[in-house]
Amino acid sequence: MTGVWFRKCLRLHDNAALIQATRESDHVFPFFILDPWFDRSRVGANRYQFLLDSLSDLDEQLRTKYGSRLLVLRGRPESVFQELFEGKGPFRLQALYWEKDSEPYARERDARVEALAARLDVRTRSFAGHTLLDLDTVVASPGYKPPISMRDVLALVTRCGPIAEPQPEPCVPPLEVQGFEVPSIAEFYDELPTSRGFPGGEREALKRLDATCADVEYVCSFEKPKTASTGRPRAPWEPSTTGLSPYFKFGCLSVRTAWSAIAACYRQRAHSQPPQSLHGQLLFREMFYLLGASVPNFDKAVENPMCKQIPWGEDPALLAAWSEGRTGYPFIDALMRQLRTTGYMHHLGRHAVACFLTRGDLWQHWTRGRDVFDKLLLDADWAVNNGNWLWLAGVAPFSAPYFRIYDPCPGPKSSLNAEQAGEFVRHFVPELRAMPDRFIYKPWTAPRAVQERAGCIVGVDYPAPVVDHAAAREANLGRFKAALAAQPGRELPEKFGPRRPGA
Ligand code: FAD
């Protein structure tokens with residue numbers, strides 16, 4: 001019996017582990033392990049529901065197409081495997097295949113499972129597939145240097161040759177076994193999920209990719225900085241970009257499949273280029289995955305060669321106001337409430353709130369914001385989230401200059417591309433529903449009579465600003481500059497190798 005351990009890669013298409021298992025054996029056992037490590041303290045209800053949706057989708061596809069199914073086992077993976085390897089579970093496994101996962105927790109877990117399998121004489125094999133390139137091969141290649149720009153990533157991709165074409169879905173042998181069903185979220189969470197915009201699952205992912213690529217004009221003219229941070233007109237909860245990130249995060253959609261579908265659009269007409277283009281976005285993802293796989297302590301502020309040292313403040317009240325959408329800055333609050341209710345936020349919105357929390361206004365540590373995102377985002381992704389927080393906090397070699405600070409009250413010329421009629425804010429911050437357009441991003445400047453007519457007195461019905469932006473900006477610029485002056489010329493270490501479990 002050959003086991004295919006689904007972790008990410010929650011799909012049938014372009015799934016190298018599944019393909020190999022079906023080539024070698026007529027007895028294939030597809031399963032997922034609900035690991036208690038990923039509990040409600042780490043994962044918000046919206047993302048957990050997305051995961052369960054994705055498991056149900058996989059199970060249903062395996063049943064209806066092949067007479068097989070997905071088994072959902074529970075417990076610490078090592079304990080589950082001890083039983084499966086010794087024949088005490090629903091099957092005795094002779095071989096076990098999975099897709100590689102480069103997150104630190106996954107690497108350590110997988111190393112423990114490999115050691116156990118070796119002791120009990122079970123064959124294991126892992127396959128690259130969550131990224132465009134095989135991270136381990138690239139990082140171990142002679143002369144590898146962690147990429148810190150789009151130019152670096154493009155050079156690496158060119159050196160590795162063409163991106164591998166996605167592989168078709170294999171025919172999975174039938175499997176009959178009872179029990180081990182996909183559970184309901186009510187078993188794990190008291191609160192109900194609130195996100196309805198992103199049903200999980202491979203079929204939904206492929207539908208979205210098809211819909212995106214059916215609009216060749218959209219794909220070919222895509223330039224990220226021109227997309228709206230406040231969603232689609234009249235539907236502020238809908239992304240103006242592809243909205244594919246949660247599907248990449250869980251591997252419901254293969255990044256190589258997306259790359260290839262976008263390339264097919266590009267062959268039809270002239271198109272935008274990296275870094276702004278859609279391929280450019282996937283290359284940013286690749287860059288952060290490579291950094292996560294090769295930079296020591298990539299998720300930390302200390303002993304991380306990609307992180308400058310800044311004496312951030314520690315103010316739980318400010319952090320709570322930011323995280324709960326109560327800063328008194330309607331744009332920031334609408335974005336943070338969007339995150340809480342839908343699990344999604346546009347990239348420029350993420351820029352705005354991350355800058356606001358760190359070097360822009362509140363001077364709080366980037367890892368605090370990272371943790372909030374890590375719990376609440378549907379697409380929370382260890383490498384990408386850490387990489388982008390390092391970027392936005394202004395502490396990484398790939399960061400924009402620290403002195404470019406976003407105004408949290410975006411006007412018509414702001415690079416945050418926020419619509420000016422205020423529909424986005426009104427949707428997520430209903431206290432401001434009747435506030436006139438011209439005061440929507442600065443309600444505290446509305447005369448008292450206007451606030452009364454709008455039924456929203458600032459300081460009573462909606463918070464007054466937690467900090468004065470202009471004053472905070474000046475103070476923070478001074479602090480950042482002083483901190484940089486105290487650590488000139490920090491060089492990257494000469495040698496980077498693959499990060500080892502526990503490193
Ligand atoms: P599109 O613009 O349609 O892009 C297509 C795909 O390209 C995305 O789905 C994503 O996989 C990739 N991509 C796009 N932008 C980036 C980027 N800047 N870095 C890496 N990959 C990118 N993205 C995550 O997937 N997970 C995270 O945890 C995450 N945390 C972030 C934290 C901060 C502070 C910031 C500023 C950005 C973060 N991003 C994260 C990157 C980006 O905001 C999202 O990938 C994007 O908004 C998702 O929407 P989309 O799928 O419509 O993107």
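At-a-glance table
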item: Wholly within the range 1-99, helices (runs of 4 or more DSSP H) carrying at least 1 residues that are within 28 Å of THR194 (Cα to Cα) and under 30 Å from the mean Cα position of the chain (by Cα); result: 45-66
item: Matching residues, the range 403-415, being among the hydroxyl-bearing types (Ser, Thr, Tyr), more than 20 Å from MET150 (Cβ to Cβ) and surrounded by fewer than 20 Cβ atoms within 10 Å (Cβ to Cβ); result: SER414
item: Subset of the range 307-332 [touching a Phe, Trp or Tyr at 6+ places or on another chain (Cβ under 7 Å), farther than 30 Å from GLU423 by Cα and buried (at least 22 other Cβ atoms within 10 Å of the Cβ)]; result: ILE310
item: Residues of the range 341-367 satisfying the condition of being in contact with a helix residue (DSSP H, G or I) (Cβ under 6 Å, 6 or more places away or on another chain), assigned to a helix (DSSP H, G or I) and either away from the ligand (no atom under 12 Å from the Cβ) or on the phi > 0 side of the Ramachandran plot (or both); result: ARG359
item: Close pairs (7 angstrom Cβ cut-off, 6 or more residues apart or separate chains): in contact (Cβ under 8 Å) with a residue 12 or more places away in the chain and over 15 Å from GLU83 (Cα atoms) in the range 113-139, of a type in the set (S, T, N, Q) and surrounded by fewer than 17 Cβ atoms within 10 Å (Cβ to Cβ) anywhere; result: ARG123/GLN94
item: Where a residue in the range 180-209 is surrounded by fewer than 16 Cβ atoms within 10 Å (Cβ to Cβ) and its partner, wherever it lies, is among the small types (Gly, Ala, Ser) and in a helix (DSSP H, G or I), with Cβ under 8 Å and at least six apart; result: GLU191/ALA45; LEU192/ALA45; THR194/ALA45
item: Residue ranges of helices (runs of 4 or more DSSP H) in the range 167-274 with at least 1 members of a type in the set (S, T, N, Q) and under 29 Å from ALA418 (Cα atoms); result: 202-214, 216-221, 245-249
item: Any hit, the range 384-394, residues being away from the ligand (no atom under 11 Å from the Cβ), surrounded by fewer than 19 Cβ atoms within 10 Å (Cβ to Cβ), farther than 29 Å from GLY251 by Cβ and of a type in the set (Gly, Ala, Ser); result: no
item: Test for ASP371: is it surrounded by fewer than 20 Cβ atoms within 10 Å (Cβ to Cβ), within 13 Å of the ligand (Cβ to nearest atom), acidic (Asp, Glu) and within 30 Å of VAL302 (Cβ to Cβ); result: yes
item: Candidates VAL353, VAL384, VAL295, filtered to the one that is among the β-branched types (Val, Ile, Thr) and free of Cβ contacts under 8 Å to residues at least 40 places away in the same chain; result: VAL353
item: Residue count, the range 225-244 (criterion: within 21 Å of LYS413 (Cβ to Cβ), touching a helix residue (DSSP H, G or I) at 6+ places or on another chain (Cβ under 9 Å) and more than 10 Å from the ligand (Cβ to nearest atom)); result: 6
item: Candidate set: the range 231-262, residues that are in contact (Cβ under 8 Å) with a residue 24 or more places away in the chain and of a type in the set (A, V, I, L, M); chosen: the one farthest from LEU206 (Cα to Cα); result: ILE262
item: Looking only at the range 140-179, and only at residues there that are of a type in the set (Gly, Ala, Ser) and touching a residue at least 60 places away in the same chain (Cβ under 8 Å), the one that is nearest to ASP53 (Cα to Cα); result: GLY179
item: Filter result for the condition that a residue is buried (at least 19 other Cβ atoms within 10 Å of the Cβ), farther than 30 Å from PRO142 by Cβ and in contact with a Lys or Arg (Cβ under 7 Å, 6 or more places away or on another chain), over PHE250, PHE222; result: PHE250
item: Residue ID - farthest from the ligand (Cβ to nearest atom), chosen from residues in the range 267-279 that are farther than 17 Å from ALA164 by Cα and either buried (at least 18 other Cβ atoms within 10 Å of the Cβ) or under 21 Å from the mean Cα position of the chain (by Cα) (or both); result: HIS271
item: Tally, over the range 135-166, of residues that are farther than 19 Å from TRP391 by Cβ and not in a helix (DSSP H, G or I); result: 10
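The numbers here are math on the coordinates, done by the rules we state, and not lab data. Since the model is a prediction, treat every value here as computed from it, not as a measurement. Cβ coordinates were reconstructed from backbone atoms using ideal geometry, including for glycine residues, and neighbour counts include every protein chain displayed.
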